[in-house]
1. How much accessible area per residue does the chain have, in Å², with a 1.4 Å probe?
2. List the DSSP H helices in the chain whose Cα atoms stretch 30 Å or more along the helix axis and whose mean Kyte-Doolittle hydropathy is at least 1.0.
3. If you split all Cα-Cα distances of segment 95-150 into 10 Å bins from zero, what percentages do you get per bin, shortest first?
4. Could you work out the Kirkwood radius for the chain, taking every pair of different alpha carbons, averaging 1/r and inverting it, reported in Å?
5. Alpha carbon centre of segment 9-47 versus segment 100-169: separation in Å?
6. Just order 141-150, 53-62 by mean Cβ neighbour count inside 10 Å, highest at the front, would you?
7. Quick one: pull the percent of accessible area on the chain belonging to carbon and sulfur, 1.4 Å probe, ligands and nucleic acids left out.
Amino acid sequence: MGALCTTALPAHEWFVRARIATAVATAGYVGFVPIAPGTFGSIVGLAIYAAVSATDSWLVEAIVLLALLAVGIWSAGHVEREMGKDPGAVVIDEVAGMLVTLAFLDVSVTGALAGFFIFRLLDVIKPPPARRLEDLHGGPGIMLDDVMAGIYSNVALRGLIAFFPDAWV
């Protein structure tokens, strides 16, 4: 009887971890949307950006971004082990990429939407080294290519703001 109890607990723990990892990696199951899950994941990123930017604190923004990256790498890696290489339902990478795109910028809705479209374009194109980062194993391979696309998008958005400051802020 004792042996049954010790094997049941790890299975339950695995089940709980798997459920939590799936919920996080799919951004609250948004990744299971049948059409353009990455785009919907980016929209979740916009919503999180709106909530975080309302705090008007760069420290809160940095903490949320770093926490999301850490939890995203863990959850994406866990779900990849269950579903195969870089499953389409994993959209936490798009959420992170969107947050990186808008990181430490105080933009209007127009600026946030411009960042959204720039990020989606660069996420699809994956300019170097973003495409190479996809080759990393597990969660880092899923997350870091979108983070790189987010960095490129952030720089592009900052360029637009520098040239047309009144249009985006």
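The values are calculated or read from the model by the stated rules, or taken from the named source; none is laboratory data. Every value quoted in this text rests on a predicted model; they were computed, and no experiment measured them. Please note: Cβ atoms are built from the backbone with ideal geometry, for glycine as well, and neighbour counts cover all protein chains shown. For accessibility, only protein heavy atoms count, side chains too; no ligands or nucleic acids. Shrake-Rupley method; radii C 1.70, N 1.55, O 1.52, S 1.80 Å.
1. 53
2. 58-83
3. Spelled out per bin, shortest first, that is 27, 49, 20, 3.
4. It is 16.5 Å.
5. 22
6. 141-150, 53-62
7. On the way: 6670 of 9020 Å².
So the carbon and sulfur contribution to the accessible surface is 74 percent.
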